[in-house]
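Please read the structure below before turning to the comments.
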């Protein structure tokens, strides 16, 4: 399957996006293990494109784009950059779905509720995105 998305090298992005996405950087996780951040990204030019782009028969690109409500504002504007590895994640979730014989849903897992419970102003999606 060919996706209707441009693939971009994160090292060639503008300075703002490079500073936020840190493509190909090595960072330490919560247990001090080294992890390499993604270098290559799909450039998603619009919300309708994200809605229409199927990664697998049961998972569309938009499902992987509405999860992180704590992204800095510049990363929530189009074009948005989604790591190419999302295709692999979608394929694995598709196999998992087949194995369990039940639908699998991707969710933010209550992030908005925790945000409100902390007394912070509500986090709102970008205009045009589903709530």
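The numbered conditions (1) surrounded by 13 or more Cβ atoms within 10 Å (Cβ to Cβ); (2) touching a helix residue (DSSP H, G or I) at 6+ places or on another chain (Cβ under 6 Å) are all true for residue 5 except (2).
For the stretch 87-99, does any single residue satisfy the condition of being in a loop (DSSP other than H, G, I, E, B) and either within 30 Å of residue 15 (Cβ to Cβ) or touching a helix residue (DSSP H, G or I) at 6+ places or on another chain (Cβ under 6 Å) (or both)?
Pass one, the stretch 87-99, residues in a loop (DSSP other than H, G, I, E, B): none.
No, the stretch 87-99 contains no residue that is in a loop (DSSP other than H, G, I, E, B) and either within 30 Å of residue 15 (Cβ to Cβ) or touching a helix residue (DSSP H, G or I) at 6+ places or on another chain (Cβ under 6 Å) (or both).
Before we move on, is residue 3 closer than 16 Å to residue 89 by Cα, touching a residue at least 12 places away in the same chain (Cβ under 8 Å) and either in a loop (DSSP other than H, G, I, E, B) or in contact with a strand residue (DSSP E or B) (Cβ under 9 Å, 6 or more places away or on another chain) (or both)? In short, yes.
When you scan the stretch 67-79, do you find a residue that is in a helix (DSSP H, G or I), in contact (Cβ under 8 Å) with a residue 12 or more places away in the chain and more than 24 Å from residue 24 (Cβ to Cβ), even just one? So far as the stretch 67-79 goes, no, none of its residues is in a helix (DSSP H, G or I), in contact (Cβ under 8 Å) with a residue 12 or more places away in the chain and more than 24 Å from residue 24 (Cβ to Cβ).
Quick check, is residue 38 loosely packed, with under 15 Cβ neighbours inside 10 Å and touching a helix residue (DSSP H, G or I) at 6+ places or on another chain (Cβ under 8 Å)? Lay out the reasoning, then the answer.
Values: loosely packed, with under 15 Cβ neighbours inside 10 Å: no; touching a helix residue (DSSP H, G or I) at 6+ places or on another chain (Cβ under 8 Å): yes.
Here the answer is no, as residue 38 does not meet what is asked.
Here residue 50 does not qualify as under 27 Å from residue 104 (Cβ atoms), out of contact with any helix residue (DSSP H, G or I) (no Cβ under 8 Å at 6 or more places or on another chain), without any contact (Cβ under 8 Å) to a residue 40 or more places away in the chain and outside any loop (DSSP other than H, G, I, E, B).
Using the structure shown, decide if residue 15 is surrounded by fewer than 10 Cβ atoms within 10 Å (Cβ to Cβ), out of contact with any strand residue (DSSP E or B) (no Cβ under 6 Å at 6 or more places or on another chain), over 22 Å from residue 66 (Cβ atoms) and modelled with pLDDT of 95 or more. Yes, satisfied.
Hey, among 123, 104, which residue is over 17 Å from residue 51 (Cα atoms), in contact with a helix residue (DSSP H, G or I) (Cβ under 9 Å, 6 or more places away or on another chain), modelled with pLDDT of 75 or more and surrounded by 12 or more Cβ atoms within 10 Å (Cβ to Cβ)?
Numbers: 123 fails: modelled with pLDDT of 75 or more.
So the residue among 123, 104 that is over 17 Å from residue 51 (Cα atoms), in contact with a helix residue (DSSP H, G or I) (Cβ under 9 Å, 6 or more places away or on another chain), modelled with pLDDT of 75 or more and surrounded by 12 or more Cβ atoms within 10 Å (Cβ to Cβ) is 104.
Scanning the stretch 18-35 for residues that are without any contact (Cβ under 8 Å) to a residue 24 or more places away in the chain and either under 17 Å from residue 5 (Cβ atoms) or surrounded by 13 or more Cβ atoms within 10 Å (Cβ to Cβ) (or both) yields a total of 5. For the stretch 80-100, the set of residues classified as within 13 Å of the chain's Cα centre (by Cα), surrounded by 16 or more Cβ atoms within 10 Å (Cβ to Cβ) and free of Cβ contacts under 8 Å to residues at least 40 places away in the same chain consists of 80, 90, listed by residue number.
The values are calculated or read from the model by the stated rules, or taken from the named source; none is laboratory data. Quick caveat: nothing in here was measured; it's all calculated off a predicted structure. Glycine gets a Cβ as well: all are built from the backbone with ideal geometry, and neighbour counts include every protein chain shown.
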